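First the structure, in the form of structure tokens, and then the observations on it.
The numbers here are math on the coordinates, done by the rules we state, and not lab data. Note that the structure is a prediction, hence the values are computed from the model and not measured. Positions of Cβ are backbone-derived with ideal geometry, glycine not excepted, and every protein chain shown enters the neighbour counts.
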Amino acid sequence: MAVSDHTSSGNHGTATFAIPVDARPLAVEARGLVKSFDGTRAVDGVDIAIPEGAIYGILGPNGAGKTTTLRMLLGIIDPDEGVRRVFGHDRPHDIGRLIGYLPEERGLYPAMKCIEAIAFMGALRGLPLKEGRKRAAELLERHGLGYAANRQIRQLSKGMAQTVQLLGTLVHQPRLVVLDEPFSGLDAINQGKLELMIRALAEDGVTVIFSTHVIHHAERLCEGVAIIAGGKVPYAGSVEAARDRIPAQVRLETRAREGAWLSALPADTRRNGDFFQFPLPATGIEPLLRQLIEGEAGILSLSIERAGLHDAFVAIAGEAAARQLEADNQEPRA
Amino acid sequence: MSTDMIRPRLNALEAAWVIARRDFVAVLFSRAFLFFLLGPLFPVFVGGLAGSIGGQVQREAVSIDVGLAMSAGDNAAMIAAHDRLAPQLGGAVPALRAVPEAASDPTFNARAFMEARRGNYAAIVTGTPAAPALIGTEGQIARWQGPIGLIAADATSAAPTAFPVITTEIVTTSAASERSSRIQTAQIAQMLLFLLTMLLAGMVLSNLVEEKANKIIEILAAAIPMDAVFMGKLFAMLGVSFVGIAVWGSAAWGLWAVGGEAITQVSGFDLTRLPAPAVGWPLFIALGVIYFSMAYLLLGALFLTIGAMANTVREVQTLSMPVTMLQLMVFFLAAFTINQPGSGMEMAAIAFPLSSPFAMLARAAMEPQLWTHALALAWQALAVIGIVKGGSLLFRKRVMKSGGAGRVKQPWFGRRAPGPLEPAE
């Protein structure tokens with residue numbers, strides 16, 4: 001586990017900070033970030049610490065403050081309060097060459113050729129155009145788009161254009177890649193490819209931060225997440241620690257329906273058809289098992305299921321945020 | 001991953017250059033720009049064609065008059081010689097006309113007559129055909145000395161073997177008349193500057209709207225400081241403007257070469273007789289280019305800020321109207337102060353950044369001092385930087401305020417549009 005558990009108190013002055021247990025240096029660090037628009041707090045005291053080389057997810061429903069947080073981390077906008085540091089720098093533009101950013105709203109110049117678009121995005125980060133074109137050609141070839149190198153962006157499909165933009169984000173070989181809702185608008189195959197790409201980046205030591213409202217992407221990819229809801233970050237830390245916040249669920253099926261053994265089950269046991277479900281007791285499963293056997297419950301099956309990130313999200317961010325997250329997943333994004 | 005090939009952090013100039021290079025190439029090689037260039041050339045082409053035809057038909061008629069102030073007999077001999085040569089030489093010889101005032105005044109002083117700007121003569125010939133004297137401005141003497149010598153030689157003999165020696169007398173106008181005539185140069189320069197600025201600065205207006213429509217603005221804002229984006233766009237558009245001016249200038253030059261005389265006749269205005277500006281033509285033209293750049297950058301920076309704020313072309317048009325009216329007002333202010341040198345009004349026109357280039361260009365036509373231009377240019381450059389900084393700050397504050405999900409269009413005037421999701425992500 002690379003990132004320790006951390007819960008923001010919302011009080012910037014006293015917030016305890018996540019310290020990476022493996023002592024990797026921090027790629028991104030934010031303390032007490034606050035941003036208001038027209039008197040409304042869009043982000044309210046966000047604390048994040050992301051170690052170098054991590055894949056880190058910013059998880060929350062639409063409108064939670066993910067994009068504003070990312071924009072503050074990247075220096076596109078300045079926070080009203082709080083501090084942010086990227087590779088130790090207060091001004092991310094000073095180390096722009098180390099950063100790659102894919103915004104949520106994908107955009108490219110329609111009349112530009114693919115190879116030029118990628119090279120231009122590299123040039124924005126300090127990569128000479130000639131080298132940018134060379135790398136762009138290699139990247140396009142590697143990702144199966146070599147044939148489209150000299151096509152104009154307007155001639156590409158949406159998926160191809162998104163790939164071109166992603167390659168433009170990576171062409172200067174950044175050490176930190178920030179992706180805002182990168183899976184949005186991609187079909188399942190391209191989502192899979194993107195997951196592979198993110199993993200490959202991390203294997204190369206690149207820190208990847210992405211925002212998402214799809215929990216399973218974060219769960220599959222991330223070692224750390226920040227759960228964000230209503231502009232606040234109620235949890236920032238490792239995925240494992242988030243899951244550990246919810247006790248494992250015991251799922252029990254018995255032959256007997258009644259008996260004295262029923263009193264041995266925890267008070268918050270729920271009956272779900274033929275199954276009993278209840279949180280794993282703090283004392284462990286062995287004492288309960290003994291009682292069930294002695295009470296002749298007739299155990300047909302018993303499984304202990306670890307809580308998923310979704311359960312953790314519900315527990316941490318609340319039912320309302322979870323419902324909104326599910327609603328966001330149902331609706332295609334604009 | 002290696003980042004060896006990546007240069008150190010782009011400084012503001014380098015970042016602006018990346019933007020300027022892309023925008024310049026993109027605009028220059030777009031079809032829209034071709035039409036933009038060709039648009040003003042259609043009337044120029046038609047006018048040139050008409051001027052060329054008119055010029056050929058009436059070349060004789062448009063010849064400028066040179067006055068004759070010799071004796072009546074010598075005048076007649078000169079005119080007869082002109083009539084003999086004209087069919088062979090056409091417009092190369094000037095039309096000769098006896099000066100009536102000289103005939104009636106035995107003490108006629110051609111130099112005083114010219115300096116008083118009486119009559120409508122390019123130059124006046126006195127003396128005799130054997131020893132003519134040509135009085136006029138330096139330019140006119142240089143232009144007509146040869147033809148007059150030819151006519152005088154022909155007037156002295158049917159088969160001249162040698163040209164008579166022509167004495168020349170250059171007319172210099174008085175300081176008062178010089179100032180008076182330079183006002184014309186100042187006015188024309190101001191008008192030209194205003195027209196070019198208004199015509200070309202509009203291109204900047206829609207630039208950032210397009211950028212926002214392409215949704216690429218956030219990539220730019222994330223990679224480089226917003227003021228570098230603004231600067232890059234401004235200088236790209238300035239470069240494109242110079243291309244436009246070069247094309248239109250070349251067309252105008254060609255038109256003048258073909259039908260200049262006809263244009264002079266039709267308009268009653270001879271561009272070649274435009275009084276020289278106080279700083280001299282080369283420096284005046286150089287200052288004209290610099291002040292155009294400054295006027296363009298100042299107005300462009302304002303338009304760019306508006307373009308950055310607006311979401312639609314309609315919003316751009318609505319918001320740009322006050323700026324256009326402001327620009328008209330500052331132009332009128334600068335024009336009004338031309339004949340009030342050193343007045344409080346002129347100082348105000350110079351101090352206000354938007355009118356400063358216009359007022360200072362007029363000053364270059366009227367006054368020879370150069371240090372004032374250095375001062376004004378520094379002030380204007382500061383104003384450009386200030387507007388760009390302010391515009392980029394406004395852009396960061398107003399535009400980058402919500403993610404895609406929560407974006408709700410906010411009207412500029414009146415109450416905010418209802419939007420439960422704004423501010424959003």
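Quick notes on this one:
- Average beta-carbon neighbours from other chains, 10 Å sphere, peptide B:352-360: 0
- For region A:147-247, averaging the sequence separation of C-alpha pairs within contact (under 8 Å, six or more residues apart) and dividing by the residue count gives a relative contact order of 20 percent.
- Counting beta carbons within 10 Å around each of B:M203, B:M366, A:M72 and listing the fewest first gives the order B:M366, B:M203, A:M72.
- At R0 = 56 Å, FRET efficiency that the Cβ-Cβ distance of B:D270 and A:E240 yields, to 0.05: 0.05
- B:W248 paired with B:T168, simple spin-label distance in nm, labels 7 Å along Cα-to-beta-carbon: 3.6
- Here the Gaussian network model covers chain A, with springs between Cα atoms less than 10 Å apart; of A:R97, A:R220, A:R84, A:R220 fluctuates the most.
- Across chain A, the mean sequence separation of Cα contacts (distance under 8 Å, 6 or more residues apart), normalised by length, yields a relative contact order of 21 percent.
- Neighbour-count ranking [beta-carbon atoms within 10 angstrom, fewest first] of B:K233, A:K130, A:K193: A:K130, A:K193, B:K233
- Simple Cβ-charge dipole of region B:63-173, Lys/Arg +1 and Asp/Glu -1, about Cα centre, in debye nearest 20: 120
- Among A:V83, B:A308, A:S36 the positive-end extreme of the charge dipole of the protein assembly as shown (Cβ point charges): B:A308
- Here A:K113, A:K66, A:K35 are placed in order of increasing Cβ neighbour count within 10 Å, fewest first, which gives A:K113, A:K35, A:K66.
- Here the sum of -39500 (n - 2.57) over DSSP H runs of 4 or more residues, divided by the residues of the protein assembly as shown, equals -16500 deg cm²/dmol at 222 nm, to the nearest 500.
- Given charges at Cβ of Lys, Arg, Asp, Glu: chain A dipole, positive-most of A:A49, A:F120, A:G159: A:F120
- Rg and Dmax over the alpha-carbon atoms of region B:63-173 stand at 12.7, 39 Å.
- For region B:63-173, share of DSSP beta bridges that run antiparallel, in % to the nearest 5: 30
- Between the beta carbons of B:T324 and A:A188, assuming R0 = 56 Å, the FRET efficiency works out to 0.60 to the nearest 0.05.
- D (Stokes-Einstein, µm²/s), Kirkwood Cα radius, chain A, 0.692 mPa s at 37 °C: 150
- A cut-off under 14 angstrom between Cβ atoms defines the neighbours of A:I55, and their net charge, with Lys, Arg +1 and Asp, Glu -1, is -3.
- Legend: mean number of C-beta atoms from other chains within 10 angstrom of residue C-beta atoms, peptide A:102-112, equals 6.
- Shielding value for A:76-82 is 3, the average number of Cβ atoms from other chains within 10 Å of each residue's Cβ.
- Radius 10 Å from Cβ of A:V233, net charge of other residues (Lys, Arg +1; Asp, Glu -1): -1
- Most positive-pole-ward Cα, B:P147, B:M70, B:A112, against dipole of region B:63-173 from beta carbon charges: B:P147
- Positive minus negative residues near B:T305 (Lys, Arg vs Asp, Glu; Cβ under 15 Å): +3
- Å³ per residue enclosed by the Cα convex hull of the protein assembly as shown: 210
- When you restrict to C-alpha pairs under 8 Å that are six or more residues apart and normalise by the size of region A:177-334, the relative contact order lands at 25 percent.
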